[in-house]
Amino acid sequence: MSTEVAILGMSLALIVGAAIGFFLFRMQNKAVAADAETKALAREKETEIRCKELIEQARRDAERITKDAELKAKDDFIQRREKFNAEIEQTRNEIHDRELKLEKREATLDARQKEIGRKEKSIETTRKKVEEQSAKLEIIQSEGERLIAEEMMRLQAIAGMNRESAEQQLFVRLEEKLSAELAIRIQKHEESIKATVEVKAREHLATAIQRFASAHTADATVSTVDIPSDDIKGRIIGREGRNIRTFEKLTGVDVIVDDTPGVVIVSAFDNVRREVARLSLQKLIVDGRIHPTRIEEVVQETQKEIDLKIMEYGRNAVQDAGIANLHEKLVHLLGRLRFRTSYSQNVLVHSLEVCHLTGMMAAELGLDAKLARRCALLHDIGKAADHEMEGGHPKIGAELAKRYGETNKDVLHAIAGHHDDITVDHIYTVLVAAADAISASRPGARRETLEKYVKRLEELEALACGFPGVDQAFAIQAGRELRIIANSEMTTDAEAIKLGHDIARAIEQQLDYPGEIKVTIVREIRAVEFAR
């Protein structure tokens, strides 16, 4: 019983404690809530005050901005109105000026219209007078034709021949009468031309000789290499000829080791190969080590040096000619021309001469001198490779130039046509051909074979002997003068002058010749008597 009472007491105590604790917890929560509510009210009030202040500030700022905008708008409006008024005033002034000009123009047009009306009346009057005069002239002309016809009939009846026969006889007499006068006029005309042209020609020729003259020597197909002693010849040949065979195989030349003291001869038609062989042999002799391996090393080294020299020759030629934008391969081919000769004339030197002469002629004619020099410098470029390709050097040169970037049609045509292989229809081709002939035909430039020389002289003499009145003809001074003996009974002095003129023109039209040919007519009368 006591235990249950104790348990019951403890339970009541626990219930009462729990109730008291719950009561205290509720009281504490109410206090905290009241405090939070008080703080929230204070914050809300403070926020409301702040909002009112911000609204008031914004209102004041808006009023200020509105006032500033109004003032600015007023100023802008005033400025635009003033500008508009000024433009209107300017437009009014312009319109007024135009009105004044139009009034003046109308007055001028009125005056011109009156003048035109007056001229039209004058023209009409003149036209009527012309028509009247034309009618009178037609009557007079018909009357004159009738009188002429009657007179012609009378003359034919008197002369006993028709009109055609009379005209033919008249022309024959005129030709006989004017033959002497024609010869005199030709002579005077030639003298007049010589008086003015010879001075100019000499000036140009002197200038060309002074600027472009250079020494030319004939390059042979062999080169000699000096050796310090004849003992070196055996080392050049080598054991069983292996050294000389290796050397000839690598260089493509013939090495002649004979009994000639102090020299070894290198022979080849290709001047580049011959030069490589000559320099290589000199190096081997100086070095002293002559065997197949060393020969191969020296030849390869010399070939590289020659290639560099060829490029240097090409660049110097391009620079001397004043040419730009030329492909490196074309420059190399130009350098190879330094080792090429044509009729004993160095082709690169010849190309430079043709280049400068063509440039001078183009400048005299008012053409593009730079383009003319480019055409002339490349005109013989095919000779650098004509032994490696099929065809003549003009065709090969044009193909090479086109292959390596040359697009100018004048240049390509000059290369292909400077020997008249194609139809010449470009002025620069004509100039290049003329300069080529000048450079090739000047004294000392080339050697002619005896056959060709004799044939040219025979053609000159045969051409002259084909003219009536020529007894004999002699080509003298290497074909640069043709001396003709005229028959004194068949020709007069005046006819001899005309004969010389006709023969000179025939030579120009029928023969190919370098330079100039002088035609001299000799006509003499010999009176022979015997004293007995």
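In region 345-368, is there at least one residue being among the polar types (S, T, N, Q) and under 16 Å from the mean Cα position of the chain (by Cα)?
To start, the set of residues in region 345-368 that are among the polar types (S, T, N, Q) comprises 345-346, 351, 358.
Cutting the leftovers down to under 16 Å from the mean Cα position of the chain (by Cα) gives us 358.
Yes, because at least one residue in region 345-368 is among the polar types (S, T, N, Q) and under 16 Å from the mean Cα position of the chain (by Cα).
Can you name the residue in region 471-490 that is closer than 25 Å to Asp512 by Cβ and out of contact with any helix residue (DSSP H, G or I) (no Cβ under 6 Å at 6 or more places or on another chain) and is also least open to solvent (accessible area, probe 1.4 Å) among such residues? Let's see the steps before the verdict.
Restricting attention to region 471-490, the residues satisfying the condition of being closer than 25 Å to Asp512 by Cβ are 472-484.
Imposing the further condition that a residue be out of contact with any helix residue (DSSP H, G or I) (no Cβ under 6 Å at 6 or more places or on another chain) reduces the set to 472, 474, 476-478, 480-481, 483.
Working: Gln472: 95, Phe474: 91, Ile476: 51, Gln477: 127, Ala478: 51, Arg480: 93, Glu481: 11, Arg483: 96 Å².
If we take residues in region 471-490 being closer than 25 Å to Asp512 by Cβ and out of contact with any helix residue (DSSP H, G or I) (no Cβ under 6 Å at 6 or more places or on another chain), then Glu481 is least open to solvent (accessible area, probe 1.4 Å).
If you go through region 492-499 one residue at a time, do you hit one that is out of contact with any Ser or Thr (no Cβ under 6 Å at 6 or more places or on another chain) and either among the basic types (Lys, Arg) or part of a loop (DSSP other than H, G, I, E, B) (or both)?
Checked region 492-499: at least one residue is out of contact with any Ser or Thr (no Cβ under 6 Å at 6 or more places or on another chain) and either among the basic types (Lys, Arg) or part of a loop (DSSP other than H, G, I, E, B) (or both).
So which residues in region 319-339 are surrounded by fewer than 19 Cβ atoms within 10 Å (Cβ to Cβ) and over 19 Å from Arg403 (Cα atoms)?
Gln319, Asp320, Gly322
Among Glu524, Glu495, Glu508, Glu529, which is surrounded by 13 or more Cβ atoms within 10 Å (Cβ to Cβ) and not basic (Lys, Arg)?
Glu495 is the lone residue from the list that is surrounded by 13 or more Cβ atoms within 10 Å (Cβ to Cβ) and not basic (Lys, Arg).
Which condition number in (1) open to solvent by 80 Å² or more (accessible area, probe 1.4 Å); (2) over 60 Å from the mean Cα position of the chain (by Cα) is the one that Gln113 fails?
The one condition Gln113 does not meet is (2).
When you look at Asp368, is it open to solvent by 20 Å² or more (accessible area, probe 1.4 Å), farther than 26 Å from Thr407 by Cα, modelled with pLDDT of 85 or more and out of contact with any Leu (no Cβ under 6 Å at 6 or more places or on another chain), yes or no?
When the stated conditions are applied, Asp368 does not pass them.
Under 8 Å between Cβ atoms, at least 6 apart or on separate chains: pull out the pairs that start in region 135-156 with a residue that is under 26 Å from Gln169 (Cβ atoms) and without any contact (Cβ under 8 Å) to a residue 40 or more places away in the chain and end on any residue that is open to solvent by less than 100 Å² (accessible area, probe 1.4 Å) and not hydrophobic (A, V, I, L, M, F, W, C).
The qualifying pairs are Gln156/Asn162.
In this structure, is Glu296 at pLDDT 85 or above and within 27 Å of Ser342 (Cα to Cα)?
Spelling it out, it is not the case that Glu296 is at pLDDT 85 or above and within 27 Å of Ser342 (Cα to Cα).
Could you list, in sequence order, the residues of region 83-95 that are within 60 Å of the chain's Cα centre (by Cα) and not polar (S, T, N, Q)?
First, pick out the residues of region 83-95 that are within 60 Å of the chain's Cα centre (by Cα): 87, 90-91, 93-95.
Across region 83-95, the qualifying residues are Glu87, Glu94, Ile95.
Would you mind finding the one in Arg105, Arg80 that is within 60 Å of the chain's Cα centre (by Cα) and charged (D, E, K, R)?
Of the residues listed, the single one that is within 60 Å of the chain's Cα centre (by Cα) and charged (D, E, K, R) is Arg105.
Filter region 202-220 for residues that are surrounded by 12 or more Cβ atoms within 10 Å (Cβ to Cβ) and not hydrophobic (A, V, I, L, M, F, W, C); which is modelled with the lowest pLDDT?
Result: His216.
Looking at Ser267, Ser342, Ser280, can you tell me which residue is under 22 Å from Ser229 (Cα atoms), touching a residue at least 24 places away in the same chain (Cβ under 8 Å) and surrounded by fewer than 21 Cβ atoms within 10 Å (Cβ to Cβ)?
Ser267
Among the numbered conditions (1) more than 30 Å from Arg289 (Cα to Cα); (2) modelled with pLDDT of 75 or more; (3) open to solvent by less than 60 Å² (accessible area, probe 1.4 Å), tell me where Thr251 comes up short.
Only one criterion in (1) more than 30 Å from Arg289 (Cα to Cα); (2) modelled with pLDDT of 75 or more; (3) open to solvent by less than 60 Å² (accessible area, probe 1.4 Å) is unmet by Thr251, namely (1).
Residue-wise test of (1) modelled with pLDDT under 85; (2) crowded, with 24+ Cβ neighbours inside 10 Å.
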residue	(1), (2)
Arg374	no, yes
Ile381	no, yes
Asp386	yes, no
Met389	yes, no
Leu400	no, no
Arg403	no, no
Lys409	no, no
Ile415	no, yes
Asp420	yes, no
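Is there any pair with a first residue in region 388-403 that is more than 19 Å from Arg374 (Cβ to Cβ) and a second that is modelled with pLDDT of 85 or more and open to solvent by less than 50 Å² (accessible area, probe 1.4 Å) whose Cβ atoms are under 6 Å apart and which are 6 or more apart or on different chains, and what are they?
Once the first residue is more than 19 Å from Arg374 (Cβ to Cβ) and sits in region 388-403, its partners that are modelled with pLDDT of 85 or more and open to solvent by less than 50 Å² (accessible area, probe 1.4 Å) give Met389/Ile396.
What are the residues in region 400-426 that are touching a helix residue (DSSP H, G or I) at 6+ places or on another chain (Cβ under 8 Å) and assigned to a helix (DSSP H, G or I), if any?
Answer for region 400-426, where residues must be touching a helix residue (DSSP H, G or I) at 6+ places or on another chain (Cβ under 8 Å) and assigned to a helix (DSSP H, G or I): Leu400, Ala401, Lys402, Asp410, Val411, Leu412, His413, Ala414, Ile415, Ala416, Gly417.
The values are calculated or read from the model by the stated rules, or taken from the named source; none is laboratory data. It should be emphasised that the depicted structure is a prediction, and the values quoted were computed from it without experimental measurement. We place every Cβ from the backbone using ideal geometry, glycine too, and count neighbours over all the protein chains shown. Side chains are part of the model used for accessible areas, which takes the heavy atoms of the whole protein and leaves out ligands, DNA and RNA. Shrake-Rupley method; radii C 1.70, N 1.55, O 1.52, S 1.80 Å.
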